[in-house]
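Read through the structure below, which is laid out as structure tokens, and then see the notes.
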Amino acid sequence: MSSVRQGADTVLRDSSAQRAALGDRGGGGAAASSHCLTAALEISGAAEESVIRARLHRVALLRPALRARIDADGSHQPVDCAEPELIRVTVEAPTPERRWQRAHELARQEAHKPFPAGLMPRIRGVLFSAAPDRHLLVIGVDPLVCDAWSANLVVEQLLADGDEPEPDNYVRVRRARQEWLGGAEGEGTTARRRNDVAGALRHWPVARGASTTSPTVVEQVIDLEDGVATALRDRVRQVRGTMLAVGAQALALSAVAQPDVPLALTTTLAARLPEEEAVVGRLSNDAVLVIPTRTGTVKEHLTAIRDQIFAALLDQRVPYERIEDALDGSAASTGVSFSLLFLPGTLSGGSQRDAYLGGARATRAAVSICPTGADVDLFMVEHPPPRDDGTRPMLRVGAMARRGTVSQEDVDRTLLRWTRTLEQLAGRDWQSTPVGRLGHVPGDAEGSGAAP
């Protein structure tokens, strides 16, 4: 684990995404990060810049993590700073639907722009105006100090009217977590979690293409047919499963032909203790899910993955780097590491009700998924950004790679096989179908199919 100083200025670097961001900056923030963590609001009505600026400033004043100067060793000190930056962009396109879709395209691009080095506070806003009464506000936050949960809280506070909330206890919560990790309970939890994941294959036996991607992010998405998404949701409810578990199962089935060892898949979870729930700062962790070898029915295999998700949630305070070396990393130079993120239509820890910025109605919206540090990031998004005609699918899936990890062909093939396996799962009886009959067919360049 990274060495950190004890005391009030401790920042616990507990995520590979945060470590990657620090690495981009030479370890201490000297250069821009490779992306920007974003959240968004769809605004109906007149967007009042003065109101938005005031709300952004309030968030920065009350959230010490957003005003933190970070040193090379990970320590920090909150400082005074100016008001956050807010830029307004007028979106141009031939039709209202195309302008709105273009606003979402620009918002997604915003997530892939480096967060400016040295910008204080570590939050900024970009307002994309598609019409006088239709806008998309993108709130960008430095990934050094913010995770998805924190971004959710930033939006919640941005929308809050009335009395200003008390400042959060970012420093105290950080220190308490470090003390817990060094105590008997934290050490016992770490040991148990290491035992749970021991031997799982971090880099899956998936061949890489001859060429690699450029250092920029390569991304591809597919909209599942609404009938497929509905069938998956119905089957998830029937077996009391989770959509994240279904995505993980389909990925393993589609990517690897009958593995003889469990596979390690990372995801990002944000379990919280009550005193942590109001804190903005990087508290989430790269959690490891162990996908077992294929035995039993689809339901039985899915239940085992669901149990892994619950186990990871239970022990989520244990930093990834404290268990990383318990995984089997022997195929690091030849295999491919994967992460899977699921963004539900309704976020836990945050209300989906309409709120107001001045006189305009504001509704939360998904605009992007940020890279995590795995070779390939897969994602599933409910209520995603609109298509060219203004409509939205129920479920969008995607894959992306960064830093020259795999080829464009690898990304496309992985996504296509994964999508086809999700379609297979939607049409099968999970309680009777053997899990080994689904997924990857060796040598099938087109994707997955049912095994004979």
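Quick look at the numbers
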read-out	value
Two-site FRET efficiency, GLU185 against ASP260, from Cβ-Cβ distance with R₀ of 45 Å, rounded to 0.05	0.80
Theoretical FRET efficiency, 1/(1+(r/R0)^6), r = Cβ-Cβ of THR293 and SER50, R0 45 Å, to 0.05	0.15
Nitroxide proxy distance, nm - points 7 Å out along Cα→Cβ at THR391 and MET243	1.9 nm
Highest average packing first - 430-439, 362-371, Cβ atoms within 10 Å	362-371, 430-439
Inter-label distance for ARG69 and ALA331, nm, one decimal - labels placed 7 Å from Cα along Cα-to-Cβ	4.7 nm
Phi-based couplings in Hz for region 127-138 (Karplus 6.51, -1.76, 1.60; Gly and Pro marked x)	9, 9, 9, 8, 6, x, 10, 9, 9, 10, 9, 9
Spatial separation of Cα centroids for region 79-155 and region 369-441, in angstrom	26 Å
Sequence ranges 118-130, 194-206, ranked by mean other-Cβ count within 10 angstrom, highest first	118-130, 194-206
Förster-model FRET efficiency, 22 Å R0, ARG233 and ARG437, C-beta, rounded to 0.05	0.45
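Taken together, the values in this text are just the output of simple stated rules run on the coordinates, not laboratory data. Computed from a prediction, not measured in an experiment: that's the story for all the values here. Backbone-built Cβ (ideal geometry, glycine too); neighbour counts: all protein chains shown.
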